[in-house]
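Presented below is the structure to which this report refers.
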Amino acid sequence: MVSKKTLVELYTRTLKVRLFEEKVWDLFGQNLVPGTLHLYLGQEAVAAGITAAMKDSDWVQSTHRGHGHVIAKGADPKKALAELLGKKTGSCKGKGGSMHITEFDAGVLGATGVVASGLPIAVGAALSSQMKGTNDVVACFFGDGASNNGTFGESLNMAAIWKLPVIWVVENNFYAMGTPIKLTCPSENIAARADGYCTPNVVVDGNNALEVYEAAVEAVKRARDGDGPTLIECKTYRKRGHSRFDPAKYRPKEEAEHWLSRDPVDIIKEIAIKEGAITEKEAEKIRKKLEKEMEEAGKFAVESDYPEPEKALEDVYAEEF
Amino acid sequence: MAEITYREALKAGLREEMARDKTVFLMGEDIGLNWGGAFKVTKGLAEEFGEDRVRDTPISENTIAGAAVGAAITGLRPVAEIMFGDLITLAMDQVCNQAAKMRYMFGGQTSVPLVIRTVFGGGKNIASHHSQSLESWFMHTPGLKIAVPAFAYDVKGLIKTAIRDPDPVMFFEHKLVYDKKEEVPDEDYTIPFGEASVKREGADVTIWGTFLMVHKALAVAEELAKEGISVEVIDPRTLVPLDKKTLIESVKKTGRLVLVTEETKTGATTAEIAAIVQEEAFDWLDAPIKRVNAPDTPVPFAPSLEEYFIPDEKRIAQAVRDIV
Ligand SMILES: Cc1ncc(C[n+]2csc(CCOP(=O)(O)OP(=O)(O)O)c2C)c(N)n1
Ligand SMILES: [Mg+2]
């Protein structure tokens, strides 16, 4: 069993991502978030469990559903929210928004709007770690839908032949937009595909941060020991639709009810209380503190200025020519 | 200083950079011990620097390019080779959506100091999937730099600049210039990006072109000199950044411009150059700008067809005569 401290950490991280996303939803409701959004609500335990097993100097590669990865890895909620609002104080100076939310200094290689494009980049970052001997690992998140893209095969293969320190994290939320994974994948588990690339793999309950964490600890150890990649398939579920206005009507009622009754924050809180790591009161105190942090971050984002229009011309190259 | 081939000069540049900077490494299909690159550019480098730094990869273009991106943003300086320029189609996402845009969409947080080497051009009767010239596609993607060396001296200086550059560089070579020889200094030198090279000075007409077409233009200039037509030949050496100044000054001097590349005509780099010149030097033009390109077809196989497809000296000379 993990330490009490770790259980508190898992609860805190899961809740932090939740409260960040709730703040985003709140700002979105006020019409302050331009463009579209892919909320991480419902999948918090995946990012929390994986990143809790990592060091600050390790990297994560994110996706189009990236807010959770970035916040869990330690990005500043102020800069992250400002980015979502398109403010000049945003982590990407308002040039990226939701789909490119990134804080490099927190160890995020980038969020990407192209499904499955992160896998090759994770291979390169892991190669960097191996060649430089830094011993850092790379966790690469992607969806069930992404596992149908060619980069999946190319990248799992390359990471395996070179024994790269990568952790492939499949967030199987059963849908790619409206397409159920059972229509596009012949096996029940995506993890089965990793066998073909001689990559150890495991399927876990992605709504249980502790289960995710335990799998991640093992994968991180394998990576740091030079024994190569691992694939962790986390079965999870979106609390809301795919993007901004999707009511997700295509999901069968029973299925949705089952998954939505298994709230990742409640699950880890219950475990932490049961294991005596935390009391209800302490848990509430942590919530209050995080709520305050998100409140302040929201205020910062709302009060920040939009970038001057001509800033659109900057950052194309290192130096202008 | 010795007379060496373009291939040898390119390899010398790669070797010097690998010796100078431990973070520089090469990756690509068949670039290592057994083969030394499809065009033998990297032959001997795996023996010299080890298979870690001259890394053979699976046939996975998108992941070769993407791994170069991931390595570049985490502190290495990868030089990835795509065996044929035509096959860059399989890596377009990583090149155009990731490498090119990362600095921008992440608000300047990231630098992507990578080089992607690949080779364009026909003339080897290897048909539609191994002969194209696709440089204009990349010119249309902000965030990339593009080098198009056509001479041994230039290729060595430019590959070194490319490797040291903080931005992603598409380094395009041409199959039929690998064996061209030139005096190349043994020592370290770099050539700045955005500086064209005037390969021949002239007074009556300017020819601007790339790759093998520069060599053909020089032959044409020699011929036309006998007829009393004085031709200036400009090789841009890099398309991004583009040396507009040298070109515009030349056009202001000669008043006439012929643009020559091996690309299919529609949407080629030559179209962009023509637009720039009419914007910036319209009043100095004494004749319409002429374009000499390949026709808008795939590259054909049969020697008779391919010879017809690739612009030759006759067509270039005719274009010059048409406007002087
Ligand atoms: C290459 C590519 N194809 C299509 C899209 C449009 N698109 C955006 S998200 C998405 C579904 C992705 O599903 P999955 O990988 O399961 O991730 P999830 O949204 O469920 O987190 C699609 C098809 C895209 N952004 N990129
Ligand atoms: Mg999905």
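The values are calculated or read from the model by the stated rules, or taken from the named source; none is laboratory data. Predicted model, so just to flag it, every value in this text is computed and none were measured. Note that each Cβ is placed from the backbone with ideal geometry, even for glycine, and that neighbours are counted across all protein chains shown. Heads up: the accessible areas ignore ligands, DNA and RNA and are worked out on the full protein's heavy atoms, side chains in. Shrake-Rupley method; radii C 1.70, N 1.55, O 1.52, S 1.80 Å.
Computed quantities for the displayed model
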item	result
Count of residues meeting criterion [part of a helix (DSSP H, G or I) and either within 24 Å of the chain's Cα centre (by Cα) or at pLDDT below 95 (or both)] in the range A:238-263	6
Among the candidates A:Val108, A:Val202, residue that is more than 9 Å from chain B (Cβ to nearest Cβ), in contact (Cβ under 8 Å) with a residue 40 or more places away in the chain and either crowded, with 19+ Cβ neighbours inside 10 Å or touching a helix residue (DSSP H, G or I) at 6+ places or on another chain (Cβ under 6 Å) (or both)	A:Val108
Residue match in the range A:264-274 (condition: modelled with pLDDT of 95 or more and part of a loop (DSSP other than H, G, I, E, B))	no
Residue in the range A:209-216 that is within 16 Å of ligand 2 (Cβ to nearest atom), surrounded by fewer than 24 Cβ atoms within 10 Å (Cβ to Cβ) and touching a residue at least 12 places away in the same chain (Cβ under 8 Å) present	no
Residues of the range A:117-129 classified as under 12 Å from A:Trp59 (Cβ atoms) and within 16 Å of ligand 1 (Cβ to nearest atom), total	3
Single residue of A:Val114, A:Val170 found to be near ligand 1 (Cβ under 10 Å from one of its atoms), facing chain B (nearest Cβ under 10 Å) and not small (Gly, Ala, Ser)	A:Val114
Residues located in the range A:1-46, provided they are among the polar types (S, T, N, Q), open to solvent by 10 Å² or more (accessible area, probe 1.4 Å) and at pLDDT 95 or above	A:Ser3, A:Thr6, A:Thr12, A:Gln30, A:Asn31
Check on B:Thr266, assigned by TED's automatic domain parsing to the domain that holds B:Val205, surrounded by 20 or more Cβ atoms within 10 Å (Cβ to Cβ), at pLDDT 95 or above and among the polar types (S, T, N, Q)	no
Those residues of the range A:63-94 which are crowded, with 24+ Cβ neighbours inside 10 Å and within 9 Å of chain B (Cβ to nearest Cβ), in sequence order	A:Glu83, A:Gly90, A:Ser91, A:Cys92
Some residue of the range A:140-150 being away from ligand 2 (no atom under 16 Å from the Cβ) and touching a residue at least 40 places away in the same chain (Cβ under 8 Å)	no
The range B:180-198, residues that are open to solvent by 10 Å² or more (accessible area, probe 1.4 Å) and farther than 23 Å from B:Phe138 by Cβ	B:Lys180, B:Lys181, B:Glu182, B:Glu183, B:Pro185, B:Asp186, B:Glu187, B:Asp188, B:Tyr189, B:Val198
The range A:220-257, residues that are touching a residue at least 60 places away in the same chain (Cβ under 8 Å), more than 16 Å from ligand 1 (Cβ to nearest atom) and either open to solvent by 30 Å² or more (accessible area, probe 1.4 Å) or more than 14 Å from chain B (Cβ to nearest Cβ) (or both)	A:Val220, A:Ala223, A:Arg224, A:Gly226, A:Asp227, A:Gly228, A:Thr230
Failed item, numbered, when B:Ala217 is tested on (1) in a loop (DSSP other than H, G, I, E, B); (2) open to solvent by less than 10 Å² (accessible area, probe 1.4 Å); (3) not assigned by TED's automatic domain parsing to the domain that holds B:Met139	(1)
Count of the range A:130-152 residues which are facing chain B (nearest Cβ under 7 Å) and away from ligand 1 (no atom under 11 Å from the Cβ)	2
Pair list, Cβ < 8 Å and 6+ apart or interchain, from the range A:36-47 residues that are part of a helix (DSSP H, G or I) to residues that are among the aromatic types (Phe, Trp, Tyr) and buried (at least 23 other Cβ atoms within 10 Å of the Cβ)	A:Val46/A:Phe141; A:Ala47/A:Tyr40; A:Ala47/A:Phe141
Cβ-Cβ under 7 Å pairs, at least 6 apart or on other chains, the range B:133-158 side assigned by TED's automatic domain parsing to the domain that holds B:Glu16, far side modelled with pLDDT under 95 and charged (D, E, K, R)	none
The range A:283-321, residues that are open to solvent by 50 Å² or more (accessible area, probe 1.4 Å) and of a type in the set (Ser, Thr, Tyr)	A:Tyr306
Matching residues in the range A:161-188 - criterion: being within 29 Å of A:Lys55 (Cβ to Cβ) and within 16 Å of ligand 2 (Cβ to nearest atom)	A:Trp168, A:Val169, A:Val170, A:Glu171, A:Asn172, A:Asn173
Residues that are part of a helix (DSSP H, G or I), within 23 Å of B:Lys175 (Cα to Cα), out of contact with any helix residue (DSSP H, G or I) (no Cβ under 6 Å at 6 or more places or on another chain) and touching a residue at least 24 places away in the same chain (Cβ under 8 Å), drawn from the range B:271-324	B:Pro303, B:Glu306, B:Phe309
Count - residues of the range B:1-38 that are in contact with a helix residue (DSSP H, G or I) (Cβ under 7 Å, 6 or more places away or on another chain) and part of a loop (DSSP other than H, G, I, E, B)	2
Of residues in the range A:96-105 being touching a helix residue (DSSP H, G or I) at 6+ places or on another chain (Cβ under 6 Å) and crowded, with 24+ Cβ neighbours inside 10 Å, the one nearest to A:Ile167 (Cα to Cα)	A:Ile101
